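Worksheet for the structure shown next.
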Amino acid sequence: MAQQLPLISNLRSLPEDAQASALDLLFEPSPAIHSTLVPVIQAASYSSYSELIDQCRGALFDLAATSTPSNPNPKLLSVVGSHPRLGAKKVDSAQSAAEQANLQGEGQQLAELNQEYEKKFPGLRFVVFVNGRGRPEIMQDMRGRIDQADFSKEIYTALQAMCDIAKDRVSKLLK
């Protein structure tokens, strides 16, 4: 049975494990995401999941502000690293598996780009809002971000993508 998001009006009053489960559906299962974003849920009542995700983005960007290329915040790396590698054969999150379905095939080239990306940005995973785009477009985006070689910008790009993905997931989970 597919998991469902609780009503946004009830989320704040739910037990912390239920709040963490909602975050798992929006983002990815991750203790670092839980410890960063459960306090966002508990801090206020929200009228929509979009509003909550906007507040989560702020908390994630605040976390990113504590990180530098020479001294990346381990919690931040764990948050970004919670996303599966693009094209990975085994993806734990049902949402990520569905989102990446159109990226199957020619896995070697994508695996090589993932490896190059992770060498360029130690501790990060490439996170992108696939949004129905195919492998060539995603790989071109990945190549551009590798060539740009801006660790700080990459963190913000990855966090923004995580929030875009979360908003897209809400639209599918609340149908």
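The values are calculated or read from the model by the stated rules, or taken from the named source; none is laboratory data. Just so it is clear, the model here is predicted, and its values are computed rather than measured. Heads up, the Cβs are rebuilt from the backbone with ideal geometry, glycines too, and the neighbour counts pull from every protein chain shown. To get the accessible areas, we keep the full protein, side chains included, count just its heavy atoms, and leave off ligands, DNA and RNA. Shrake-Rupley method; radii C 1.70, N 1.55, O 1.52, S 1.80 Å.
Find the accessible area per residue for the chain; the probe is 1.4 Å, ligands and nucleic acids are left out, and the unit is Å².
Working: 8910 Å² over 175 residues.
Accessible area per residue, the chain: 51 Å².
May I ask for the angle, rounded to the nearest 10°, between helix 49-64 and the longest principal axis of the chain, with both axes built from Cα atoms and the value confined to 0 to 90°?
With both axes taken from Cα atoms, the answer is about 60 degrees.
Could the peptides 68-74, 16-22, 126-132 be put in order, highest first, of the mean number of other beta-carbon atoms found within 10 Å of their residues? Each step should come with its number before you reach the end.
Numbers: 68-74: 12.3, 16-22: 16.3, 126-132: 18.6.
The most tightly packed comes first, giving 126-132, 16-22, 68-74.
Highest first, please rank the peptides 154-161, 56-63 by the mean number of other Cβ atoms sitting within 10 Å of their residues. Let's see the in-between values first.
Working: 154-161: 19.8, 56-63: 17.2.
With the highest mean Cβ count within 10 Å placed first, the list reads 154-161, 56-63.
Rank-order 3-9, 26-32 by packing density, defined as the average count of other C-beta atoms within 10 Å over each peptide's residues, highest first. List each step's numbers first, then the result.
Values: 3-9: 13.0, 26-32: 19.6.
Going from most to least packed, we get 26-32, 3-9.
Dividing the convex hull volume of the alpha carbon atoms of the stretch 1-57 by its residue count, what do you get in Å³ per residue?
Values: hull volume 4.5 nm³, N = 57.
Taking only Cα atoms, the stretch 1-57 has a hull volume of 80 Å³ per residue.
Once neighbouring chains are kept in place and the probe is 1.4 Å, which whole percent of the accessible area of the chain is contributed by carbon and sulfur?
On the way: 4620 of 8910 Å².
About 52 percent, which is the carbon plus sulfur part of the accessible surface.
For the chain, what is the mean residue ellipticity at 222 nm derived from helices alone (per DSSP H run of n ≥ 4: -39500 (n - 2.57); sum divided by total residues; nearest 500 deg cm²/dmol)?
Details: 9 runs with 109 residues, N = 175.
-19500 deg cm²/dmol, from helical runs alone.
Taking only Cα atoms, what is the 0 to 90° angle, nearest 10, from helix 135-148's long axis to the longest principal axis of the chain?
The two axes meet at around 80 degrees.
With the cut-off at 1.5 for a/c, could you classify the chain from its C-alpha gyration tensor as rounded, prolate or oblate?
Working: a/c = 2.16, a/b = 1.38, b/c = 1.57.
Verdict is oblate for the chain.
Please determine, in degrees from 0 to 90 and to the nearest 10, the orientation of helix 16-26 with respect to the longest principal axis defined by the Cα atoms of the chain, where the helix direction is its Cα long axis.
Roughly 40 degrees, rounded to the nearest 10.
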